[in-house]
Amino acid sequence: MYDKYTYHPYSHLIGAGVALITPFLENGQVDSASLSRLTEHVVSGGCDFVVLLGTTGESPTVVYPERLLLIDVVRRAIDGRCPLVIGVGSNNTQDLCQRMSDPIYDNVDAILSVVPYYNKPTQEGLYL
């Protein structure tokens, strides 16, 4: 059981996190206004943290400029009221590491990462 007096590096992520969808307009563009309203709805409803770009959020099909837009929209909507977790993952670890150096990730509270998909690394490969 969680003891609030015991330090845990991820204690800010305890509770109910909400995985957001990524809304799109009919023309295929990200619907920023709907995403902002959705984020406001879940945060004002009492969620403990928000998860953006998990598999619920179409992360495998969102291109990098859209990813940057989504992070910006959700970060603004949260406005520091709860932690933000960003889903990341790729079957190209080198590319993922390069993308993670973008300053947009500097102020996220945590990342949610998947093992490189379509690859079958050993346990040591996973560790590395």
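Read-outs: derived from the displayed coordinates by stated rules, not from any lab. On a predicted model such as this, the values are computed, not experimentally measured, just so you know. All Cβ positions, even for glycine, are placed from backbone atoms using ideal geometry, and neighbour counts span all protein chains on display.
Across Thr39, Thr93, Thr56, mean-square fluctuation computed from a Gaussian network of the chain (C-alpha pairs under 10 Å connected) peaks at Thr93. Ranked by how many other Cβ atoms sit within 10 Å of their own Cβ, fewest first, the residues Ser113, Ser44, Ser32 fall in the order Ser44, Ser113, Ser32. Spatial offset of region 99-128 relative to region 27-53 amounts to 23 Å, using the alpha carbon center of each.
For the options Asp48, Asp95, Asp31, a Gaussian network treatment of the chain with springs between C-alpha atoms closer than 10 Å singles out Asp95 as fluctuating the most.
Computed from the C-beta positions of Gln123 and Arg81 and an R0 of 30 Å, the FRET efficiency is 0.20 to the nearest 0.05.
With contributions of -39500 (n - 2.57) from each DSSP H run of at least four residues, the per-residue ellipticity at 222 nm computed over the chain stands at -9500 deg cm²/dmol.
Kindly list the residues of region 104-119 that lie in the label zone of Thr56, defined by a backbone N under 17 Å from the point 7 Å along the Cα-to-C-beta vector. So the set is 110-114. Sparse packing (at most 11 other Cβ atoms within 10 Å of the Cβ) combined with a DSSP loop state is found for the following GluC sites (Glu not before Pro) in region 2-106: Glu26. As a proxy for reagent exposure, ranking Ile14, Ile104, Ile78 by other Cβ atoms within 10 Å from fewest up yields Ile14, Ile104, Ile78. Binning the C-alpha pair distances of the chain at 5 Å intervals from 0 yields a P(r) profile of 2, 9, 20, 21, 18, 15, 9, 5, 1, 0, 0 %, listed from the shortest bin outward.
Counting neighbouring beta carbons within 10 Å and listing from fewest to most, the residues Val63, Val88 come out as Val63, Val88.
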